[in-house]
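Presented below is the structure to which this report refers.
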């Protein structure tokens, strides 16, 4: 299979035109109208490149999700991508797509519009060679950057029917490492109830919610353990009504990251059962695990397959872990073989310096095509 595709997908000029078009379409997660335009553009290009079927899953608060499909049969290969970005409306007009020094720049170019283009052309090359032996489903959602609240169920449903899942999130670092592990994410909100009082007249009668929160922040940050890959961050705090009032309420938002479900259960249990430091105060914690961790075992076989293909295509390939989460966390948690980081090679996700390496676009699209192709006969 690797030999078949080496040099087959040579449409770099067309890929760059599609990339430019997608990058110049703003697609913030919270703007349905704009994100619809991006996902519908990708779907139309899928139809043109593959002749496949497209189904839109209509949404009210987010852009419509797209299920794009070619092939048939009892087996299925699932490819995941997202059309939404972290950038607001008007960002593409301020700094549209451009190329300089062998790199492509623009909002969302790295995370992950280049990955979408690479996926479209990879599947198109498989159809062109008439080697589609199973159903290939390409899911593109529009709410990934905000945790996939409306698409998670849909992703998990398709994953349960799949033999392998390939995620088009960006590769890791300038070497383009694939992502073999990802930390899971939990989010909690804390509400501290104190006893308000006049800070000058009745200070001793008050119990400061802010003081209690300060103790809890120190405790929570102390749960971070880099040797376990666990981090706890209190990223938002608020409270009080005025400098002359012992604060009656305080609030915090907490981010937890972990490398295993066992560690997730330990950390979330500690947060749910926080004990007040000051007598007379209470703590209420609400939240949940938003994304489970992607553990190494689910990517082991697919990584070895990708490395073998890469060697035949003339380059080396490594895997590595990352602290960020993706929709691949959902599929890996179901026990479905999942390989992530198959999108663009570049740097600067969510930053003004975001770019992709143009010299890697064809390479990674061909890698994906070969990986899908070999997985259709190996799983």
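The values are calculated or read from the model by the stated rules, or taken from the named source; none is laboratory data. If you're wondering where the values come from, they're calculated on a predicted model, not measured in any experiment. Glycine gets a Cβ as well: all are built from the backbone with ideal geometry, and neighbour counts include every protein chain shown.
Being out of contact with any helix residue (DSSP H, G or I) (no Cβ under 7 Å at 6 or more places or on another chain) and part of a helix (DSSP H, G or I) is true for just one of 153, 175. Which residue is that? Quick ask: steps written out before the conclusion?
Values: 175 fails: part of a helix (DSSP H, G or I).
Unique residue meeting the criteria: 153.
Can you confirm whether residue 108 is touching a strand residue (DSSP E or B) at 6+ places or on another chain (Cβ under 8 Å), surrounded by 22 or more Cβ atoms within 10 Å (Cβ to Cβ), in the same structural domain as residue 335 (by the TED database) and at pLDDT 95 or above? Step through it out loud before you land on a result.
Numbers: touching a strand residue (DSSP E or B) at 6+ places or on another chain (Cβ under 8 Å): yes; surrounded by 22 or more Cβ atoms within 10 Å (Cβ to Cβ): yes; in the same structural domain as residue 335 (by the TED database): yes; at pLDDT 95 or above: yes.
Spelling it out, residue 108 is indeed touching a strand residue (DSSP E or B) at 6+ places or on another chain (Cβ under 8 Å), surrounded by 22 or more Cβ atoms within 10 Å (Cβ to Cβ), in the same structural domain as residue 335 (by the TED database) and at pLDDT 95 or above.
Close Cβ contacts (under 6 Å, 6 or more residues apart or on different chains) running from residues in region 187-207 that are farther than 19 Å from residue 282 by Cβ to residues that are at pLDDT 95 or above and in a loop (DSSP other than H, G, I, E, B) comprise 199/244.
Only one entry in 342, 334, 352 is assigned by the TED database to the domain that holds residue 78, crowded, with 24+ Cβ neighbours inside 10 Å and under 21 Å from residue 82 (Cβ atoms), namely 342.
So, in region 179-213, how many residues would count as being crowded, with 23+ Cβ neighbours inside 10 Å and not in a helix (DSSP H, G or I)?
To start, the set of residues in region 179-213 that are crowded, with 23+ Cβ neighbours inside 10 Å comprises 179-180, 182-184, 190, 192, 194, 208-209, 212-213.
If we keep only those that are not in a helix (DSSP H, G or I) as well, we get 179-180, 182-184, 190, 192, 194, 208.
Here the count works out to 9.
In a residue-by-residue description of region 293-311, the property of being modelled with pLDDT under 95 and assigned to a loop (DSSP other than H, G, I, E, B) applies to at least one position. Taking the conditions exactly as written (in the same structural domain as residue 201 (by the TED database), surrounded by 14 or more Cβ atoms within 10 Å (Cβ to Cβ) and closer than 27 Å to residue 201 by Cβ), does residue 243 satisfy them or not? It is false that residue 243 is in the same structural domain as residue 201 (by the TED database), surrounded by 14 or more Cβ atoms within 10 Å (Cβ to Cβ) and closer than 27 Å to residue 201 by Cβ.
Please find, among 325, 320, the residue that is farther than 22 Å from residue 369 by Cβ and at pLDDT below 95. Break it down stepwise before answering.
On the way: 320 fails: at pLDDT below 95.
After applying the criteria, what remains is 325.
Total residues in region 271-291 satisfying the condition of being loosely packed, with under 15 Cβ neighbours inside 10 Å and out of contact with any strand residue (DSSP E or B) (no Cβ under 6 Å at 6 or more places or on another chain): the figure is 4. On the basis of being outside any loop (DSSP other than H, G, I, E, B), surrounded by 24 or more Cβ atoms within 10 Å (Cβ to Cβ) and more than 21 Å from the chain's Cα centre (by Cα), does residue 126 make the cut? Yes, satisfied. Within region 215-235, the set of residues being free of Cβ contacts under 8 Å to residues at least 12 places away in the same chain, under 20 Å from residue 279 (Cβ atoms) and either under 29 Å from the mean Cα position of the chain (by Cα) or surrounded by 17 or more Cβ atoms within 10 Å (Cβ to Cβ) (or both) is empty.
Considering only region 46-58, I want to know if a residue exists there that is assigned to a helix (DSSP H, G or I), touching a residue at least 40 places away in the same chain (Cβ under 8 Å) and surrounded by fewer than 24 Cβ atoms within 10 Å (Cβ to Cβ). Looking for residues that are assigned to a helix (DSSP H, G or I), touching a residue at least 40 places away in the same chain (Cβ under 8 Å) and surrounded by fewer than 24 Cβ atoms within 10 Å (Cβ to Cβ), one finds at least one in region 46-58, hence yes.
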